[in-house]
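Novice: Got a structure for you, questions after.
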Amino acid sequence: MEKEPKGDDGGDLKLLGLTVSPFVIRVRMVLQMKAVSYRYIEQDLFIKSDLLVTSNPVHKKVPVLIHGGRPVCESSAIMEYVDEVWAASTTGASILPADPYERATARFWAAYADSKLLPAWVGIMWAATEEERTEKVDETLAAIGRLEEAFGECSNGKAFFAGDSVGYLDLVLGSQLLWFGVLRKMFGVVVIDDDAGSKTPLLASWAKQFVETDMAKEVVPDVDTAVEYLKKLQAHRPGSTVTQLLS
């Protein structure tokens, strides 16, 4: 699958990805924000292409951004690369704060979302027993609770972690929202609760606004697409890993 989004000419730019991967989604949203044109090439992670293997020989994972024939690997590195290379794009604003402390804080919580929250909710999907699943649900809710607190500290009462507009941390956590929908649909697990008495009212409001952004509407697939991918992965479970689910 290849896609050429609208936007300014990004030159010889290709993105190797997986539609449902949160790591790929966040990169595509940055490219969308910067109005950069690129060729998107969907990868089959069960039969990895020669292009993927040669472009990322160390990890053989997506996303990989190939710019002028040179590969950039790992979503965080790609996001910052795009932010710097296309700093003077039509959207202009950086995804990272100008203030060094705020920039470090955004990176810290983004790393927390990927190192603590993401493995917890992936664990819900692969739990072998109900006891194990309950443990992973508890870990997920504990991590999202910490991010609820972080939102209060980072947003200064505004719509997004970065303030009035989407930034680095918004993209990292926002790229996981698709899979929260999968957890609700397949396992009845609610990660961000928007009901009365919610423990995550700030994130509930944030999530509603995030999914309505143009970039999210353009890039994020529907929940059923992710559900079908998970079912495919489950069918290959004897040889599957968490890595195959995401990258």
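The values are calculated or read from the model by the stated rules, or taken from the named source; none is laboratory data. Everything numeric in this text was worked out from a predicted model, so none of it was measured. All Cβ positions, glycine included, derive from the backbone under ideal geometry; neighbour counts span all protein chains shown. Note: areas computed on protein heavy atoms with side chains; ligands, DNA, RNA excluded. Shrake-Rupley method; radii C 1.70, N 1.55, O 1.52, S 1.80 Å.
Novice: Using modelled backbone amide H atoms (1.01 Å from N, in-plane), which distant-in-sequence or interchain residues come within less than 5 Å of VAL64's amide H?
Specialist: LEU16
Novice: A follow-up question, please. Which one, PRO119, PRO71, PRO100, has the greatest fluctuation when you compute a Gaussian network model over the chain with C-alpha springs under 10 angstrom?
Specialist: Evaluated over the chain, the most mobile residue of the options is PRO100.
Novice: Taking R0 as 35 Å, what FRET efficiency do you get between ARG184 and LEU51 from their Cβ-Cβ distance, rounded to the nearest 0.05? Spell out each step's value before the answer.
Specialist: Working: r = 35 Å, r/R0 = 1.00.
Taking R0 as 35 Å, the efficiency between ARG184 and LEU51 is 0.50.
Novice: When a/c is below 1.5 the answer is rounded, else prolate if a/b is larger than b/c, else oblate, so apply that to the stretch 153-239 with a ≥ b ≥ c taken from the square roots of the Cα gyration tensor eigenvalues. If you can, show how the numbers build up before the last one.
Specialist: Working: a/c = 2.50, a/b = 1.69, b/c = 1.48.
In terms of gyration-tensor shape, prolate.
Novice: Accessible area of the chain with a 1.4 Å probe: how many percent of it is carbon plus sulfur? Before the final figure, lay out the partial values.
Specialist: Working: 6100 of 11590 Å².
Carbon and sulfur together cover 53 percent of it.
Novice: Which value in nm describes the separation of the simple spin-label points at ASP99 and ASP164, placed 7 Å from the Cα toward the beta carbon?
Specialist: Each label point lies 7 Å from its Cα, and together they span 1.6 nm.
Novice: Looking at the square roots a ≥ b ≥ c of the eigenvalues of the Cα gyration tensor of the stretch 5-140, which shape do they give, rounded for a/c under 1.5, prolate if a/b is larger than b/c, or oblate? Intermediate results must be reported in sequence, preceding the final value.
Specialist: Working: a/c = 2.43, a/b = 1.34, b/c = 1.81.
It comes out oblate by the Cα gyration axes.
Novice: For a label point 7 angstrom out from the Cα of ALA235 toward its Cβ, which stretches of the stretch 11-29 have the backbone nitrogen within less than 20 Å?
Specialist: Label zone hits: 18-21.
Novice: Once phi is turned into ³J(HN,Hα) by the Karplus curve 6.51 cos²θ - 1.76 cosθ + 1.60 with θ = phi - 60°, what whole-Hz value does each residue of the stretch 189-202 show in order, with x for glycine and proline?
Specialist: Taking θ as phi minus 60°, the curve returns 9, 9, 8, 10, 8, 10, 7, 4, x, 4, 8, 10, x, 5 Hz for the stretch 189-202.
Novice: Once phi is turned into θ = phi - 60°, what whole-Hz ³J(HN,Hα) does the Karplus curve with 6.51, -1.76 and 1.60 give for every residue of the stretch 167-172, x standing for Gly and Pro?
Specialist: Each residue of the stretch 167-172 in turn: x, 4, 5, 4, 5, 5 Hz.
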